Amino acid sequence: MVRAVGSTNILATAKLRASGTDSSTGYDTTRVINYSNTGGASTNGAGTDEFHAFGCGSSAPGAMTLNLFSPAIAEYTSIDLHASFYYNTTGYGAWITAGVHAVATAYDSMTFIPDTGTITGRWAVYGYAK
């Protein structure tokens, strides 16, 4: 779970990481988005080298809940993500990203990549290891 504020309007993507190296292949996702009452969908909208994670602006936090299924096991990882955000004076939105990371590797962390600016906030990880 992430709650974040940006130095400006920020779109963050994410990559799974193993032993300090980001995985930059095999992301097959779909993002369904509603931005200021305008909906849309994109398949692999962030490309196959990462996936859409969350958005945030400087005047209100963005939030994300991410469920990863089997990230620490050497098999494909399913991605289920729900995000909401507010881009300063330009609008608000929500999206769902769903898909799979089709690389059979055990991952131990994740990298969030802002498209611009800096992100501050809080995060919590639940249920990663038994």
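The values are calculated or read from the model by the stated rules, or taken from the named source; none is laboratory data. Computed from a prediction, not measured in an experiment: that's the story for all the values here. Virtual Cβ from ideal backbone geometry, glycine too; neighbours counted across all protein chains shown. Calculation scope for accessible area: heavy atoms of the full protein, side chains included, ligands and nucleic acids excluded. Shrake-Rupley method; radii C 1.70, N 1.55, O 1.52, S 1.80 Å.
Counting only heavy atoms of the protein chains and using a 1.4 Å probe, I73 has close to 90 Å² of accessible surface.
Measuring gaps between exposed loop sites in the chain (chymotrypsin sites (Phe, Trp or Tyr not before Pro); DSSP loop; at most 14 other Cβ atoms within 10 Å), the longest gap, sites not included, is 1-125. Backbone phi angles across the range 9-16, fed through the Karplus curve with coefficients 6.51, -1.76 and 1.60 (θ = phi - 60°), yield HN-Hα couplings of 5, 10, 10, 10, 10, 9, 9, 6 Hz in residue order; Gly and Pro are listed as x.
Take the chain with all the other protein chains still there, run a 1.4 Å probe, and you get 52 Å² of accessible area per residue.
Shape verdict for the range 2-88, please, from the Cα gyration tensor: rounded (a/c under 1.5), prolate (a/b greater than b/c) or oblate. Judged from the Cα gyration tensor, the range 2-88 comes out prolate (a/c at least 1.5, a/b above b/c). Proximity of backbone amide H atoms, modeled 1.01 Å from N, is registered between T77 and H101, V103 at under 5 Å, excluding neighbours fewer than 5 places apart on the same chain. Amide H contacts for N9 (H built 1.01 Å from N in the peptide plane; partners 5 or more residues away or on another chain; cut-off under 5 Å): S58. Label separation (A104 vs V32): 3.1 nm, computed from points 7 Å beyond Cα along the C-beta direction.
The residue among S36, S19, T116 whose Cα reaches farthest toward the positive pole of the charge dipole of the chain, with charges on the beta-carbon of Lys, Arg, Asp and Glu, is S36. The calculated FRET efficiency for the pair T120 and Y92, based on their C-beta separation and a Förster distance of 30 Å, comes to about 0.95. Taking all protein chains as present, what is the carbon and sulfur share of the accessible area of the chain, in % to the nearest whole number, probe 1.4 Å? After summing per-atom areas, the C and S share lands at 55 percent. Converting phi to 3J(HN,Hα) with the Karplus coefficients 6.51, -1.76 and 1.60 and the offset θ = phi - 60°, the range 31-46 yields 10, 9, 10, 10, 10, 6, 6, 10, x, x, 9, 9, 8, 6, x, 9 Hz in sequence order, with x at every glycine or proline. Scalar couplings 3J(HN,Hα) for the range 67-79, obtained by applying the Karplus form with A = 6.51, B = -1.76, C = 1.60 to θ = phi - 60°, are 10, 10, 10, 6, x, 8, 10, 6, 8, 4, 10, 7, 10 Hz; x denotes Gly and Pro. Residues whose amide H lies under 5 Å from that of G117, counting only those 5 or more places away or on a different chain, are absent; hydrogens are built 1.01 Å from N in the peptide plane.
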